[in-house]
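Only one structure is covered here, and it is reproduced in the block below.
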Amino acid sequence: MTKKNYLILLLLSVSLFTSCIKEEALNAEADIEVATIPNEALVLQTKPSIGNNSVVFRLKRFSGSFMQAPEFVLTPGATIEPASGTERNFQEPQKYTVTSQDGAWSKTYTVSFVVDDGADFYSAFENAEVFEAKNPVGYYHLFFDVTENGQKKYNWATANDGYNILAETLLEEGEELAPNVYPTAQVADGYIGNAVRLRTQSTGFLGEMFGSPLAAGSLFIGEFETAFPTIKSTRFGLTYNHDKAPLALKGFFKYKAGEKFIVNNAPSALTKDTWDGYAILFEKNAGLDDNYLAGDHGFQDSRMIAVARIGVEQQIETKDWTPFSAPFSFVNGKTFDPQKEYMYTIVFSSSKEGDLFNGAVGSILHIDEVELVVEEVE
Amino acid sequence: MKKIIGIIGLCWLLGSVAQAQSDVVNRHSNFFNTHIDYGLRTHFSIGGSSPLGLPREIRKIRSFNPGLQIGLEANATKWLRKNKEWGVRAGIRFETKGMETKAEVKNYLTEVAANGAKVRGYYTGTVQTNVENTYLTVPVFAVYKLSDDWNIYGGFYFSKLLSNTFDGYVSDGYLRQDTPTGTKISFEDGSQAFYDFSDNLRKFQWGSQVGSEWNMDRHFKLLADLNYGFNNILEEDFHSIDFSMHNIYLNIGFGYTF
């Protein structure tokens, strides 16, 4: 056979592989990708938060009516019932069903409009409900408070949603999926009433494969949307509805460090695990896009105007409820301007370097009665 | 590389033994020195481990790199008659089969598994696959002489897996856990999830090989053949990829007949 023939044979066999790309299947997903309402920049505090089964609109103020006609952009080809743009009464959350283009899959969304114009920065963690996740199945706590309108607002987020991806594979002998196997859960016997328990947990071999070799228990103001790298899943921040700068972060804690401190991202500043708690006030972007701080901010973000972080004297192990307090200091040479819009977040972690996946499995932090102090007490 | 040098050495050794034999026992005619050719061949392979007809989940092949795949074989061809028209050829061959591909997939059912724990779901995005396997192969062919210059051959081969790699990663995409409406696990900004199915490769392969060879002179020949594996390269009870993949390779090389 000549060289030319070889070449022809080669081309033939290559084209054999490439020519048989089949016709694309219809879309099987059924997502709400974008949710909007008219004049959203005026009436919403932040961009609607869209989860796998929920959409939350945070309204700046109550107009006297909950009649709203939200519009949705879906996975191409998918349909929604009731239709996008239908006016409904959102005094109570409303259900929508999205069906995929191929008709084989559908899921139900709960869409809610929450008015949160108050400036109540006190959290007692008395209210939590068990969220029943599907695909994969899971049961974990969501913390909420009830607004003046009698609506539930879910300002505190956790990373339980991310842990749930692997939760079933991480169950020990005799354990079953329940809120207490997740890194963050509500517990009784708080400083007053209920409290939050944050625990650093192993994520097993799969966690390592996903680039998250450890899951520190976390609790923060903001929202969680699973993404990789995992650290981008935590979106810190909600609108700061107050015309004065915050003064301090206060609360009560108990802490026990896990036995073996593991460093997954050297170097570590620690040899033994400890906890962290901080609050950040930062500038809000114009418009509603990308207002949050990502989990890997490392206190370097130029939008930050003031930071309060607990000190080493409070990063101790203690079996008894112990108060903590951290004053705010301005950073980046900025000051508070009451005319501007700001975001704030409060973050707790059962492993201080949990954002680097450094920590000890079994470290447990309890948190209760957290307050962002805004007014000087006379 | 050491291994390859070793294989080359072994083949030359086998070849020279065969030649020595044919020199020494020439006086007494027997099965091993009558109408028999001893030969060596070496080839480069281009091909891949591929489903038969790409499943519709595969949307685009972004890149394909056959890598350097080589084979070294020592064989003997026993001709049935003096005219050397029909013959039977058997041999022993070391060969590597492999490739690197990058493909775009949509709703590709897969799982990421480690130590018994697994996450299963529908993946949309980029999948990088690296295959690099070494086989010890026994080919058994019929050979037919078309003309003084051309032989064609075809038959079966039986392969034992000696070293195995089947791994890769997913990136720039997302996995919907359990169902297409399940939790969305996104891989953004160059983040990747690695998978390794090396231990799930089938240890035994068999298939068919057909080709032709062109005799340049009394000793040297050029050859080309296609081979196709009958069984899935992955084990039967392996379900992380829900279609079977077969070794399909084109070999191009040269041979030497003593």
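The values are calculated or read from the model by the stated rules, or taken from the named source; none is laboratory data. From a predicted model like this one, the values you see are computed outputs, not experimental measurements. Positions of Cβ are backbone-derived with ideal geometry, glycine not excepted, and every protein chain shown enters the neighbour counts.
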Odd one out for A:Tyr191 among (1) part of a loop (DSSP other than H, G, I, E, B); (2) at pLDDT below 90: (2)
Which members of segment A:250-278 meet the condition of being closer than 22 Å to A:Glu376 by Cα and in contact with a Lys or Arg (Cβ under 8 Å, 6 or more places away or on another chain)? A:Gly277, A:Tyr278
Of the conditions (1) farther than 27 Å from A:Ile50 by Cβ; (2) within 14 Å of chain B (Cβ to nearest Cβ); (3) crowded, with 18+ Cβ neighbours inside 10 Å, A:Thr200 satisfies every one except a single condition; which number is it? (2)
Of all residues in segment A:143-169, count the ones that are surrounded by fewer than 19 Cβ atoms within 10 Å (Cβ to Cβ) and of a type in the set (A, V, I, L, M). 1
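Rundown of residues vs (1) within 12 Å of chain A (Cβ to nearest Cβ); (2) more than 21 Å from A:Leu166 (Cβ to Cβ), yes/no style:
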| residue | (1), (2) |
| --- | --- |
| B:Phe158 | no, yes |
| B:Arg176 | yes, no |
| B:Phe194 | yes, no |
| B:Phe204 | no, yes |
| B:Ser212 | yes, yes |
| B:Met216 | yes, yes |
| B:Phe220 | no, yes |
Looking at segment B:102-112, can you tell me whether even one residue there is surrounded by fewer than 17 Cβ atoms within 10 Å (Cβ to Cβ) and either of a type in the set (A, V, I, L, M, F, W, C) or modelled with pLDDT of 95 or more (or both)? no
Looking at segment A:17-48 only, could you name the residues that are away from every other protein chain (no Cβ under 14 Å), of a type in the set (Gly, Ala, Ser) and surrounded by fewer than 20 Cβ atoms within 10 Å (Cβ to Cβ)? A:Ala41
Take segment A:49-69 and flag every residue that is assigned to a loop (DSSP other than H, G, I, E, B), more than 12 Å from every other protein chain (Cβ to nearest Cβ) and within 23 Å of the chain's Cα centre (by Cα). A:Lys60
Taking first residues from segment A:56-79 that are without any contact (Cβ under 8 Å) to a residue 40 or more places away in the chain and second residues anywhere that are part of a strand (DSSP E or B) and crowded, with 18+ Cβ neighbours inside 10 Å, the pairs with Cβ under 6 Å that are 6 or more apart or on different chains are A:Thr79/A:Thr99
Considering every residue within segment A:217-229, establish whether at least one is more than 22 Å from the chain's Cα centre (by Cα), at the interface with chain B (Cβ under 10 Å from one of its Cβ atoms) and either farther than 19 Å from A:Phe121 by Cα or buried (at least 22 other Cβ atoms within 10 Å of the Cβ) (or both). no
Name the residue, out of A:Val114, A:Val98, that is in contact (Cβ under 8 Å) with a residue 60 or more places away in the chain, in contact with a Ser or Thr (Cβ under 7 Å, 6 or more places away or on another chain) and of a type in the set (A, V, I, L, M, F, W, C). A:Val98
Look through B:Asp199, B:Asp189 and report the one residue that is of a type outside the set (Lys, Arg) and either within 29 Å of A:Asp102 (Cα to Cα) or facing chain A (nearest Cβ under 9 Å) (or both). B:Asp189
Conditions (1) surrounded by 18 or more Cβ atoms within 10 Å (Cβ to Cβ); (2) closer than 30 Å to A:Ala30 by Cα; number of the one not met by B:Gly53: (1)
Pick from segment B:141-185, criterion touching a Gly at 6+ places or on another chain (Cβ under 7 Å) and charged (D, E, K, R), ranking: surrounded by the most Cβ atoms within 10 Å (Cβ to Cβ): B:Arg176
Can you tell me which residue among A:Lys272, A:Lys284, A:Lys260, A:Lys254 is touching a residue at least 24 places away in the same chain (Cβ under 8 Å), farther than 24 Å from A:Val196 by Cα and in contact with a strand residue (DSSP E or B) (Cβ under 8 Å, 6 or more places away or on another chain)? A:Lys284
A careful count of residues in segment B:148-184 that are of a type in the set (A, V, I, L, M, F, W, C) and part of a loop (DSSP other than H, G, I, E, B) gives 0
When segment A:270-298 is examined, which residues are found to be surrounded by fewer than 23 Cβ atoms within 10 Å (Cβ to Cβ), small (Gly, Ala, Ser) and at negative phi? A:Ala286, A:Ala294
Screening B:Asp242, B:Asp237, B:Asp217, B:Asp225 for residues that are out of contact with any His (no Cβ under 7 Å at 6 or more places or on another chain), of a type in the set (Asp, Glu), touching a residue at least 12 places away in the same chain (Cβ under 8 Å) and surrounded by fewer than 17 Cβ atoms within 10 Å (Cβ to Cβ) leaves only B:Asp242
Going through segment B:225-249 in order, the residues found to be away from chain A (no Cβ under 14 Å) and among the aromatic types (Phe, Trp, Tyr) are B:Phe230, B:Phe238
Looking at the structure I just gave you, is B:Asp172 touching a strand residue (DSSP E or B) at 6+ places or on another chain (Cβ under 7 Å), closer than 30 Å to A:Ser54 by Cα, in contact (Cβ under 8 Å) with a residue 12 or more places away in the chain and among the charged types (D, E, K, R)? yes
Residue list for segment B:43-82, filter: among the aliphatic types (A, V, I, L, M), more than 8 Å from chain A (Cβ to nearest Cβ) and part of a strand (DSSP E or B): B:Ile70, B:Leu72, B:Ala74, B:Ala76
What number of residues in segment A:63-93 are charged (D, E, K, R) and within 14 Å of A:Asn149 (Cβ to Cβ)? 1
